[in-house]
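Chemist: What follows is a structure written as structure tokens; I'll ask about it next.
The values are calculated or read from the model by the stated rules, or taken from the named source; none is laboratory data. Small disclaimer: the values here were computed from a predicted structure and weren't measured. Don't worry about glycine lacking a Cβ; one is built from the backbone with ideal geometry, like all the others, and counts go over all protein chains shown. Surface areas here come from the heavy atoms of the whole protein model, side chains and all, with no ligands, DNA or RNA. Shrake-Rupley method; radii C 1.70, N 1.55, O 1.52, S 1.80 Å.
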Amino acid sequence: YMYGGNTTTREEDVVIKNCEITGQYYSPMMMYYLERPQFHENYVEKTSNYLYSYYMGYWYYNADISLERNTFINTSPGYRFGVYIYQAQGTDNRIVNNFITMQNTSNYYAYGFYIYYANNLNFSHNTIYMDGGSTTSRGINQYYGSNQVYYNNIVYNQTNGYAVYHYTPSAVVDMDYNLYYSTSNLMAYWNGNRADLPAFQTASGMNGNSVSKTVSFKAPLLGDLHLVSPSEDDTDLFGT
């Protein structure tokens, strides 16, 4: 639990790296009022049976976040949010190269990444695996903000919910080379429900090089979302 002063006197240059954060009953990590925080190469696991809403990572009014190369895994039932970013401020917010697995959340809503009022955001090379949840589950749930880009992500939802839910399309300036997968007819929300990738591409005018297909992960229920054969050599999955 890291708590700076306020939005004008943030704690600066906090680095959390190569840690395991496990065993919490409620939320593993809560970060308030930090500037240039680096959360790199950590393992965060949530296993408790606390039923009501919680977040594996709660980031509140931080600026210039660097959230990179982490693994987040939820194996507990209930209302679940993976990583919640609220009011990401500053000029350079990076959510890059993270794995997040959300499982055992059947009959409840669950989000992988919840992006709320994020500005100047580079969201790239992340892999999100949703296994369990209701039709309201979402791999990425995005509200408000500005100047956001989404490149080279895999958003994989096996819960009959959305791959991505973009409530505020005007916040997104570009998306491409992503893989979106959903077992439902709710591939995306973009000024309305979009049943599949072609409908999402038409509505957004983006994602021209993105694809939708099944892929093979190494050990998704253990949080290892590296691709394995035949997906690791699949030219359809090349990014930019």
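Chemist: Quick test for you: out of Asn147, Asn141, pick the one residue that is under 19 Å from Asn93 (Cβ atoms), open to solvent by 50 Å² or more (accessible area, probe 1.4 Å), part of a strand (DSSP E or B) and without any contact (Cβ under 8 Å) to a residue 40 or more places away in the chain.
Modeler: Asn147
Chemist: Sticking with this structure for a sec: Restricting the search to the stretch 169-181, which residues are open to solvent by less than 20 Å² (accessible area, probe 1.4 Å) and either in contact with a Gly (Cβ under 7 Å, 6 or more places away or on another chain) or modelled with pLDDT under 95 (or both)?
Modeler: Selection gives Ala171 alone.
Chemist: Can you pull out every residue in the stretch 58-80 that is out of contact with any Gly (no Cβ under 8 Å at 6 or more places or on another chain), assigned to a strand (DSSP E or B) and surrounded by fewer than 22 Cβ atoms within 10 Å (Cβ to Cβ)?
Modeler: Tyr58, Tyr60, Ser66, Glu68
Chemist: Mind checking whether some residue in the stretch 150-157 is without any contact (Cβ under 8 Å) to a residue 24 or more places away in the chain and either in a strand (DSSP E or B) or more than 16 Å from the chain's Cα centre (by Cα) (or both)?
Modeler: Step one: list which residues in the stretch 150-157 are without any contact (Cβ under 8 Å) to a residue 24 or more places away in the chain, which gives none.
Scanning the stretch 150-157 turns up no residue that is without any contact (Cβ under 8 Å) to a residue 24 or more places away in the chain and either in a strand (DSSP E or B) or more than 16 Å from the chain's Cα centre (by Cα) (or both).
Chemist: Now a separate question. Restricting the search to the stretch 97-123, which residues are open to solvent by 10 Å² or more (accessible area, probe 1.4 Å) and modelled with pLDDT of 95 or more?
Modeler: Hits for the stretch 97-123 are Asn97, Phe99, Tyr114, Tyr116, Tyr117, Asn119, Asn120, Asn122.
Chemist: Looking at the stretch 200-210, can you tell me whether even one residue there is more than 30 Å from Thr47 (Cα to Cα) and within 18 Å of the chain's Cα centre (by Cα)? Full working, then the answer.
Modeler: Initial filter on the stretch 200-210 (more than 30 Å from Thr47 (Cα to Cα)): 200-210.
Going one step further and asking which of them are within 18 Å of the chain's Cα centre (by Cα), we end up with 207, 210.
The answer is yes; a qualifying residue exists.
Chemist: With the condition kept exactly as written, say whether any residue in the stretch 223-236 is in a helix (DSSP H, G or I) and in contact with a His (Cβ under 9 Å, 6 or more places away or on another chain).
Modeler: yes
Chemist: Name the residues in the stretch 1-26 that are closer than 23 Å to Gln87 by Cα and either of a type in the set (S, T, N, Q) or open to solvent by less than 70 Å² (accessible area, probe 1.4 Å) (or both), would you?
Modeler: Matches in the stretch 1-26: Met2, Gly4, Gly5, Asn6, Thr7, Thr8, Thr9, Arg10, Val14, Ile16.
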